[in-house]
Amino acid sequence: MPIYKVGKIKNNEGLQKYRVRVNYNDELGHKKQLTRVAYGIDVAKDMERRLEFQIKTEHEMPVKKMTLQELFNDYIETKKFEVRETTLDKSKRIINYYILPILKDVYIDKLTVTVFKKWKLSMEKRKLSVVTKNNVYTELRAMLNYAVRMEYIQKHQLNKVGNFKDVLSRKKEMNFYTPEEFKKFIKVAKNQAQFKEKNNNSLYEWNFYVFFNIAFYTGLRKGEIHALRWTDIDGNYLKVTKSISQKLKKGDTETPPKNKSSIRIIQIPLPLIDILQEHKKRQQINPQYSEDSRILGDGRCIRDTTLEERNKYYAKLAGVKKIRIHDFRHSHASLLVNMGINIQQVAKRLGHTKVEITWNTYSHLYPREEERAIEILNAV
């Protein structure tokens, strides 16, 4: 922001003429400048200060006076048109439970590093996993980034306090069933279904047997399995185009899958084709059956809580370790990985957005790749 002396020109009072020039970028990033003329160095310096103030007040982002609670209301109203309903519900629950109780009445332009440090300390005292705490941190950061984009504030200080660390914790080992363990598990599930059919004249238990087979043989997510209809099967191919959440207050809600890559068509292995065909014959006994019926349930999805109970019960009877429902997806992936299937094909079946996600999750299951590398090196 220079002050230029204009030759030897002076006014009637003998004061030197100066040109004051201030350069700046406007709201669109275009380079601009203001130029004024003043006589006398003191007047020129005062002119420079006044021009700087003018630019600061006219071209800097305005700070909107709003509390974090008000920002949250505005943020959620916008976000509901941009994300899945289940994603929105998760964001609302996290922010309402972990962030607003402490920060809701603080004005967003007063969210200093000190304020964030106090909030972070309160989170550290909670008995939560580092993953959970960082999920909360991510939600708060996303909301503050939204405030910056909307020009409610110029910037925020959350990044200065950083996310949560736990250098002492060890990464949990991935749980999954080997083919031998799964055979023991699924044999029990089949025996239970046959027992209920014979003694109670009920076909409902077959839903659990079919669910766990679909999970193991396809790697689909739980919500994706719940949403499957018979029309999604075309020969030996399965279309994955939707998901169901049982966590929303309004009940079972059908939504798109987790992301665009989750919309996929995968091939069904022969053992699962036979299982599905047998299950379809059982369902066709029901007068309410149609090709658009869901593959599992009786018009209503099988309950996640009941599914978890069966999972625990079957594992106990089979004498195998109990794994999470999501770990059947890991079981599918680990089987493919250990058989040397290309990582890109594994990513495609799982519906991952990037191969890097698959690799970061399952790379440790590629022992044969290391063995092959050593064999090549040994031969050099």
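Quick look at the values:
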item: Search result, residues across region 214-237 that are among the hydrophobic types (A, V, I, L, M, F, W, C) and either in contact with a strand residue (DSSP E or B) (Cβ under 7 Å, 6 or more places away or on another chain) or assigned to a helix (DSSP H, G or I) (or both); result: I214, A215, F216, L220, I225, A227, L228, W230
item: Filter pass, E180 being part of a helix (DSSP H, G or I), surrounded by fewer than 14 Cβ atoms within 10 Å (Cβ to Cβ) and without any contact (Cβ under 8 Å) to a residue 12 or more places away in the chain; result: yes
item: Test: D42 is surrounded by fewer than 17 Cβ atoms within 10 Å (Cβ to Cβ), modelled with pLDDT under 85, of a type in the set (D, E, K, R) and outside the structural domain of K155 (by TED's automatic domain parsing); result: no
item: Residue among I55, I76, I95, I153 that is assigned to a helix (DSSP H, G or I), over 30 Å from G223 (Cα atoms) and of a type in the set (A, V, I, L, M); result: I55
item: Residue selected from region 238-297 under the condition among the charged types (D, E, K, R) and part of a loop (DSSP other than H, G, I, E, B), by the criterion modelled with the highest pLDDT; result: K242
item: Extreme residue, nearest to K239 (Cα to Cα), among residues of region 327-356 that are of a type in the set (A, V, I, L, M, F, W, C) and in a loop (DSSP other than H, G, I, E, B); result: I341
item: The one condition in (1) at pLDDT below 90; (2) buried (at least 16 other Cβ atoms within 10 Å of the Cβ); (3) under 22 Å from L158 (Cβ atoms); (4) not charged (D, E, K, R) that L71 fails to fulfil; result: (1)
item: Complete set of residues in region 190-221 that are basic (K, R) and under 25 Å from N236 (Cα atoms); result: K190, R221
item: Residue that is nearest to N175 (Cα to Cα) [pool: residues in region 331-343 that are among the polar types (S, T, N, Q) and modelled with pLDDT under 85]; result: N338
item: Test set (1) surrounded by fewer than 21 Cβ atoms within 10 Å (Cβ to Cβ); (2) of a type outside the set (S, T, N, Q); (3) in a helix (DSSP H, G or I) - R324 fails condition number; result: (3)
item: Hits in region 299-338 - residues which are β-branched (V, I, T), more than 30 Å from Q288 (Cα to Cα) and touching a helix residue (DSSP H, G or I) at 6+ places or on another chain (Cβ under 6 Å); result: V320, V337
item: Check on V346, free of Cβ contacts under 8 Å to residues at least 24 places away in the same chain, more than 16 Å from Q192 (Cβ to Cβ), crowded, with 21+ Cβ neighbours inside 10 Å and out of contact with any strand residue (DSSP E or B) (no Cβ under 6 Å at 6 or more places or on another chain); result: yes
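The values are calculated or read from the model by the stated rules, or taken from the named source; none is laboratory data. No experiment lies behind these values; they were computed from the predicted model shown. No Cβ is skipped: glycine too gets one built from the backbone with ideal geometry, and neighbour counts run over all protein chains shown.
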